[in-house]
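Derivation of every value follows stated rules applied to the coordinates shown; laboratory data play no part. This is a predicted model, so every value here is computed, not measured. For neighbour counting, all protein chains shown are included, and Cβ atoms are generated from backbone atoms with ideal geometry for every residue, glycine included.
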């Protein structure tokens with residue numbers, strides 16, 4: 001399953017603001033050093049995989065990304081690969097930097113990328129995302145011989161209005177992603193840190209045969225309920241100092257979430273759910 005274990009615990013590294021972005025202050029070497037340090041904390045805590053994302057680059061530029069962003073994200077991905085050689089690695093470049101993320105993942109030997117608008121259009125806080133990425137992205141993946149990089153695709157993603165596709169249900173959106181060649185699905189709440197609805201998770205899990213991941217709001221307190229439905233969680237905010245996405249990882253919070261997640265998936269209910277989805 002995407003090179004990930006059942007009920008995978010995926011930790012997010014929010015890469016410091018990159019050169020040329022409004023909040024960018026650090027030199028590339030310092031950025032990579034901070035990413036390395038965070039990766040070591042996550043490895044020690046026992047996470048199953050790591051996902052890097054340039055969330056500090058606000059406000060985001062839609063579509064084509066500055067070459068400096070791609071270059072620095074590649075350096076960060078290679079640094080994480082060195083610190084965590086045995087863990088699957090994912091890459092996300094905001095906003096809609098899917099081609100760049102795929103190139104970074106291919107160069108760094110990463111396992112997957114996260115895709116914001118694989119199917120359908122929607123209105124994000126960055127602006128209108130009018131084009132489904134599936135067609136161009138899959139052709140680019142073929143062109144650079146990166147078939148080993150999986151596509152983990154958001155469905156009715158957070159920080160967006162889906163009024164344009166209000167007549168498309170969540171299961172229908174999931175089915176469209178499966179039809180267009182997604183490797184897995186991501187279900188989120190409305191905003192960063194908001195828990196995904198268990199009803200949405202249940203609907204997504206029954207709509208297709210694809211693995212489904214929680215993309216926001218996982219905590220040590222609710223992860224058992226999430227893993228009763230989903231195939232894994234992507235967690236960022238709750239493992240940071242003070243529960244803030246823009247802070248560094250808190251070893252105690254990391255350890256607590258990993259312990260809760262591993263306890264949930266080793267329970268009889270967790271094992272049954274893993275067999276059912278696996």
* To do: Principal axes first, then extents: for the Cα atoms of the range 8-277, list largest minus smallest coordinate on each axis, whole Å, largest first.
  => 46, 41, 33
* GNM, the chain, Cα, under 10 Å: largest mean-square fluctuation among 61, 235, 32? -> 61
* Can you tell me how much longer the chain between residue 143 and residue 206 gets when fully stretched, taken as 0.36 nm per residue apart minus their C-alpha distance, in nm with one decimal? => 19.4 nm
* **Relative contact order computed over the range 183-261 (Cα-Cα under 8 Å; 6+ residues apart), in percent** => 26 percent
* In a Gaussian network model over the chain where Cα atoms closer than 10 Å are linked, find which of 144, 234, 50 has the largest mean-square fluctuation. => 144
* Structure fact -> antiparallel share of DSSP beta bridges within the chain, to nearest 5, in %, is 20 percent
* In what sequence do 62, 226 fall when counting other Cβ within 10 Å, fewest first? -> 62, 226
* Asked: Based on DSSP H runs of at least 4 residues, each adding -39500 (n - 2.57), what is the mean residue ellipticity at 222 nm of the chain after dividing by all its residues, to the nearest 500 deg cm²/dmol?
  -> -12000 deg cm²/dmol
* Structure fact -> Expressed in angstrom and ordered largest first, the alpha-carbon extents of the range 13-169 along the principal axes are 45, 34, 31
* Asked: Hey, fewest Cβ within 10 Å first, where do 198, 119, 206 land in order?
  -> 206, 198, 119
* Would you mind ranking 252, 114, 265, 244 by Cβ crowding within 10 Å, fewest neighbours first? => 252, 244, 265, 114
* To do: Using only alpha carbon pairs under 8 Å that are at least six residues apart, calculate the relative contact order of the range 8-277 and give it in whole percent.
  => 15 percent
* Structure fact -> Given a Förster distance of 30 Å, the FRET efficiency implied by the Cβ-Cβ spacing of residue 107 and residue 259, rounded to the nearest 0.05, works out to 0.30
